[in-house]
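The block underneath contains the structure these notes are about, expressed in C-alpha cells.
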C-alpha cells in the first residue's frame with residue numbers, strides 16, 4: 001500500500017488572477033483511522049445500484065500547507081448517470097456547517113470516493129472541492145480513493161489536482177490528478193482502541209469483548225514472549241549455520257540486550273519493597289474508605305431493621321447514625337494522614 | 001420498562017464509533033467531551049453504528065439541583081440547543097442510509113470519575129424524554145492510556161428512575177424503597193464489532209509487506225532505516241507493560257480525597273439538619289405542653305379550649321437534605337476502589353516479574 005515511491009513534480013498552475021497564488025510545495029497527506037473507518041462504513045451503506053459513493057474529508061493543514069491531516073469524513077449523497085453526475089451540494093454545505101459547529105478547528109480539506117477509478121466526474125467534483133468560495137482554494141483539495149471492490153485488496157490512494165484543459169469550456173470537467181504520498185497515522189490515544197478492534201479480526205462473528213487490565217497484561221506478556229522466542233529461534237539457526245549470519249542483525253540485537261539495566265540487588269530489593277508497600281497501602285486504604293462510606297450510608301438508612309416501636313426505632317436509629325458518623329470521621333482523619341504519608 | 005418486550009442485554013459498538021469517541025474524548029481531554037450515539041435496537045442488543053460530538057454551547061445548566069457543576073460540555077446532552085442539533089444531524093445521517101435512531105450518548109471520564117449529577121441527569125433526560133432504550137457510554141481516557149481500552153455502557157435502573165423522577169431521596173424514602181448505591185446504574189456488557197471491510201482493512205494493515213524482500217540488511221544503519229522499523233501501523237501495543245505506577249496511584253488518591261471531602265460535607269449537612277430538627281422538635285414539645293396546661297386551666301375555668309394543633313402553623317420543620325449526593329458519592333468511591341484493586345492486581349504481578357528477572361538467584365529456591 002504505502003510502499004509506492006513518489007517523485008514530487010510541481011503541478012502546472014492554471015491561469016490565476018492576481019492575489020493569493022496557490023502553492024506548488026510538496027504535499028504530504030496524513031490519514032487518521034477515523035476517516036478511513038468512516039469511508040468504509042459509508043461504502044457499506046451505499047445503495048445497491050451505486051458503484052461508488054463520495055463524501056467530504058475534513059481535517060487540519062499545517063501552517064506552511066505542506067501537510068494535510070485528514071481527521072474525519074462524512075458522506076454526501078450523489079448519483080451518477082451515463083452522462084451526468086449530481087452531487088447533493090446543499091447537503092454538503094449543511095453537513096459541513098453542522099460538523100464545524102462541533103469541531104471548530106477542522107477545515108474542509110478534500111473529498112473521497114470509494115472506487116479507484118478517476119474519470120470525468122471525478123474531475124468535475126474535484127474542481128468543485130478545490131474551487132474558490134466553498135472549496136479549499138488556495139490550497140489544493142485532496143482526493144482520496146479507497147477501493148472497496150469485493151475480493152480485492154483495499155487500495156487507498158491520495159491525489160491533488162492541477163487544472164488542465166484544451167479550452168476554457170473543457171476546463172471545468174478536466175483535471176490532472178497527481179498522486180501524492182500519504183501515511184496512516186494514529187495518535188497515542190487511539191492505540192488501545194485499535195488494538196481492541198484488531199482483536200476481533202480473526203473472530204468468526206467479527207466481534208470482541210473489552211478486556212480487563214489483567215487480561216490485556218497477560219496478552220502483552222505472551223506477545224513479548226513470542227517475540228523473544230522468534231528472535232532466539234533465529235539466533236539458534238544462525239549458530240547452527242542454517243541461516244546466513246548478518247553482522248548488522250547481530251549488532252542490533254546486542255544493542256537491544258545492552259539496554260538491560262545494571263543495578264545492585266540491594267537497590268532492587270529496596271525499591272521493590274518500597275513500591276509494593278505503596279501500592280498495597282493505597283489499595284488497602286481505598287477499600288477501607290469504601291467500607292466506611294458504605295457503612296455510613298447503610299446506617300443512615302437502616303432504621304427499619306432495628307425493630308421495636310416507631311418512635312423508639314427512629315430515636316435509636318438517629319443515635320446510631322450519629323455514632324456511626326462520629327466513628328467515620330475519626331477513621332477518615334486517620335486515613336487521610338496515612339494517605340498523605342503514602 | 002415493563003411494557004418493552006426484552007430489556008436491553010448488551011451493547012454492540014462498531015469500530016467506527018470506538019475510534020470516533022476516542023478521537024473526540026482525547027482531543028478535549030482533560031475537560032469532558034460528550035456526543036450522541038445513533039444505531040439500532042436489535043432484540044435487546046443495542047447496536048451503535050455511528051456517533052457525532054455535541055458542540056459546546058454556553059448555556060446555563062437547567063438543573064433542579066443547585067450544585068450541578070457549571071460545565072457546559074458535561075451538560076450538553078440535555079441542553080435545548082443540542083436537541084435541535086442532534087435532530088438535524090440525525091436527519092442528515094438518514095439521507096445517507098445510516099441508522100438514524102438516537103440510542104444514547106457518550107461522555108469522557110478521567111480515572112473513572114463519571115458518577116456525578118451531570119451523568120445522572122443526562123441519562124435521566126435520555127431515558128425519560130427521548131427513548132427509554134438508551135445507554136450512556138463512558139470512555140475513560142486516562143485508563144485507556146494505560147494500555148487497555150476502557151469503554152463501558154450504563155443505564156439508570158428502573159428503580160432509580162422512579163425515585164429520581166419524584167426526587168425521593170430522603171432517608172425515609174430510601175428505607176422504604178431499599179435502594180442502595182449499587183442500584184443506581186445497570187452496567188451492560190460492551191462488545192466491539194467490525195464490519196467486513198474493516199476486518200479486511202486491519203488484516204491488510206498488519207501484513208502490508210507481503211511482497212517486499214526480506215533480505216538481511218547490510219549494516220546497522222540500513223537496518224534502522226528499513227521500512228520494517230518505520231512502519232508504525234498497528235505495532236503491538238505494549239503500553240500495559242509500563243511500570244509507571246505512581247502517577248496512577250497519585251491521581252486515584254487525589255480523587256479519593258475529593259470524595260472524602262464531599263462525604264464530609266454531606267455528613268455535616270445532615271448533622272446540621274438533625275440539630276435543627278431536634279431544636280424545633282423541642283420547641284414544639286414545649287409549646288404543646290404549655291398549650292395543654294393552658295387548656296387544663298381553661299377547662300377548670302369552663303372556658304372554651306384552645307386548638308391543640310396550631311403548632312403545625314407556628315413551627316416549620318426543616319426539609320431533610322437529599323441523600324442522593326452521598327449515595328452517588330458512595331458509588332463513586334466504590335468505582336475508585338475497584339479501579340485501584342484492578343490496577344494493583346496487575347501492577348503487583350508486573351513488579352514481582354521484574355524482581356524475579358533482575359534477581360534470578362533469589363527466586364530459584
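Can you compute the modelled spin-label distance between residue B:352 and residue A:85, with each label point 7 Å from Cα toward Cβ, in nm?
A separation of 6.3 nm, rounded to one decimal place.
Would you list B:287, B:105 from fewest to most Cβ contacts within 10 Å?
In order of increasing Cβ crowding within 10 Å: B:287, B:105.
Each label point is 7 Å from the Cα along the Cα-to-Cβ direction; what then is the distance between the points at residue A:243 and residue A:287, in nm?
Result: 4.7 nm between the two label points.
Counting only DSSP beta bridges with both residues in the range B:10-197, tell me the antiparallel percent, nearest 5.
60
Could you work out how far apart the two model spin labels at residue A:50 and residue B:274 are, taking each label as a point 7 Å from the Cα in the direction of the beta carbon, and quote it in nm?
Using points 7 Å along Cα→Cβ, the separation is 6.5 nm.
Order the peptides B:301-308, A:249-256 from the highest to the lowest mean number of other Cβ atoms within 10 Å of their residues.
A:249-256, B:301-308
Once you have the Cα-Cα distance between residue A:176 and residue A:236, take 0.36 nm times their residue separation minus that, and quote the gain in nm to one decimal.
Value of the extension gain: 16.2 nm.
Kindly put B:90, A:225 in sequence by how many other C-beta atoms sit within 10 Å of each C-beta, fewest to most.
Least to most surrounded, the residues fall as A:225, B:90.
Based on the mean of other beta carbon atoms within 10 Å per residue, what is the order of B:24-31, B:244-251, most packed first?
Averaged packing, sorted descending, gives the order B:24-31, B:244-251.
From the Cα gyration tensor of the range B:246-363, with a ≥ b ≥ c the square roots of its eigenvalues, which class applies: rounded if a/c is under 1.5, or else prolate if a/b is larger than b/c, or else oblate?
prolate
Quick one: if the Förster radius is 56 Å, what FRET efficiency do residue A:204 and residue B:124 give, using the C-beta to C-beta distance and rounding to 0.05?
The formula returns an efficiency of 0.90 here.
Could you calculate the FRET efficiency of residue B:29 with residue B:80 from 1/(1 + (r/R0)^6), where r is the beta carbon distance between them and R0 is 30 Å, rounded to 0.05?
Calculated transfer efficiency: 0.70.
Shielding by partners for A:204-213, please: the mean number of other protein chain Cβ atoms within 10 Å of each residue's Cβ.
Counting Cβ atoms of other protein chains within 10 Å of each residue's Cβ and averaging gives 6.
Every number here is computed from the coordinates shown, using simple stated rules; none is lab data. All of these numbers come straight from a predicted model, not from anything done at the bench. A quick note on method: Cβ atoms are made from the backbone with ideal geometry, for glycine too, and the neighbour counts reach across all protein chains shown.
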